[in-house]
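Q: If you scroll down you'll find the structure; I have some questions about it.
Quick note: the coordinates plus some simple rules give every number you see, no bench work behind them. Just so you know, these numbers come straight off a predicted model, no measurement behind them. With ideal geometry, Cβ positions are generated from the backbone for all residues, glycine too; neighbour counts draw on all protein chains shown.
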Amino acid sequence: MSLLLQNISKHIILCPEEQHLFLSKTEIHHFKSKTIILSPGQVCKYSYFVNSGVLRSFNITDNIVEHVLSFACEGWWIGDMYSLFSQKPAILFIEVLEDAEIVMLSKENQEFLYAEIPKLERFFRILTENSLVANQERLMDNLSLSAEERFEKFRIKYPSLLQKISQKQIASYIGVTPEFFSKMKSKLLRK
């Protein structure tokens, strides 16, 4: 749990009693690779913190094309924010890509902790703001950068993922077909 407490301490300081209360409201689960922990239509009841492993959030369009929204590596949070906040059915899948240990915080326990440890609202507000900024930046990148530039930003943001996830998933994340990605990557390697 020290990784989770380190993550929190980047933004707020919890005294030992607050740390204990926070941890008492979380659940630790182990998931095998390829496990879907959230599917569209289910209501997202948890925020997920990755202690180890890799997860991704994605959706699938009617024509069976996957669109990767995000990845979460060790020390990152992930969830379907739309569903978690609204308590309406999820629009995303969340899949385990590499065997993972996940800390799960239910929406109900998160609300309880806001009342008991008000500074946790600040922590989760900061996470939400950071997520909003990252999503806006990604949207602008998709509108204004070339595929090569988007791939370079991906390599900088997720250097450890290049060997852990498929080229198809990277291609989906940067918004190109796997075939285009393969040709682009070959061209970049020749340079």
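Q: Under 15 Å from a point 7 Å along the Cα-to-Cβ line of CYS15: which residues of segment 99-133 have their amide N that close?
A: Of the residues in segment 99-133, 116-120 have backbone N under 15 Å from the label point off CYS15.
Q: Starting with the fewest neighbours, write out ASP141, ASP80 ranked by other beta-carbon atoms found within 10 Å of each beta-carbon. Don't skip to the answer; put the middle values down first.
A: On the way: ASP141 16, ASP80 27.
Ranked by crowding around the Cβ, least crowded first: ASP141, ASP80.
Q: Can you tell me the dipole magnitude for segment 1-134 around its Cα centre, using point charges on the Cβ only (Lys, Arg +1; Asp, Glu -1), in Debye to the nearest 20? List each step's numbers first, then the result.
A: Numbers: 11 positive and 16 negative charges, 32 e Å.
Taking the Cα centre of segment 1-134 as origin, the dipole is about 160 debye.
Q: Give the span of the chain's Cα atoms along each principal axis, as three whole-Å numbers ordered largest to smallest.
A: Between the extreme Cα coordinates on each principal axis of the chain lie 56, 34, 31 Å.
Q: Would you mind checking the pairs LYS32/LYS185; LYS32/LYS157; LYS34/LYS164 and listing those with alpha carbons more than 21 angstrom apart? Don't skip to the end; give the middle numbers.
A: Values: LYS32/LYS185 30 Å; LYS32/LYS157 25 Å; LYS34/LYS164 13 Å.
Violating the 21 Å limit, Cα to Cα: LYS32/LYS185; LYS32/LYS157.
Q: What list of ³J(HN,Hα) values in whole Hz, one per residue of segment 136-144 in order, does the Karplus curve 6.51 cos²θ - 1.76 cosθ + 1.60 (θ = phi - 60°) give from phi, with Gly and Pro shown as x?
A: With coefficients 6.51, -1.76 and 1.60, one gets 5, 4, 5, 4, 5, 4, 5, 7, 10 Hz.
Q: If you don't mind, another one. Which whole-number percent of Cα pairs in segment 35-99 have a distance greater than 20 Å? Don't jump to the answer; show the numbers that get you there.
A: Numbers: 452 of 2080 pairs.
That tail contains 22 percent of the Cα-Cα pairs.
Q: Could you pull out the pairs from LYS153/LYS187; LYS10/LYS168; LYS45/LYS153; LYS25/LYS45; LYS45/LYS119 whose alpha carbons sit more than 24 Å apart here?
A: Numbers: LYS153/LYS187 17 Å; LYS10/LYS168 33 Å; LYS45/LYS153 31 Å; LYS25/LYS45 13 Å; LYS45/LYS119 22 Å.
Correct reply: LYS10/LYS168; LYS45/LYS153.
Q: Distances longer than 18 Å among the Cα atoms of segment 94-191: what percent of all pairs is that?
A: On the way: 2932 of 4753 pairs.
Summing the P(r) of segment 94-191 above 18 Å gives 62 percent of all pairs.
Q: Suppose each label sits 7 Å from its Cα in the direction of the beta carbon; what would the PHE180-HIS29 distance come out to in nanometres?
A: Simple spin-label model gives 3.5 nm for this pair.
Q: Right, another one. Explain nothing, just compute: Karplus ³J(HN,Hα) = 6.51 cos²θ - 1.76 cosθ + 1.60, θ = phi - 60°, for every residue of segment 161-171 in order, whole Hz, x for Gly and Pro.
A: Per residue, the Karplus-derived 3J(HN,Hα) values read 7, 4, 9, 9, 10, 6, 4, 4, 6, 5, 4 Hz.
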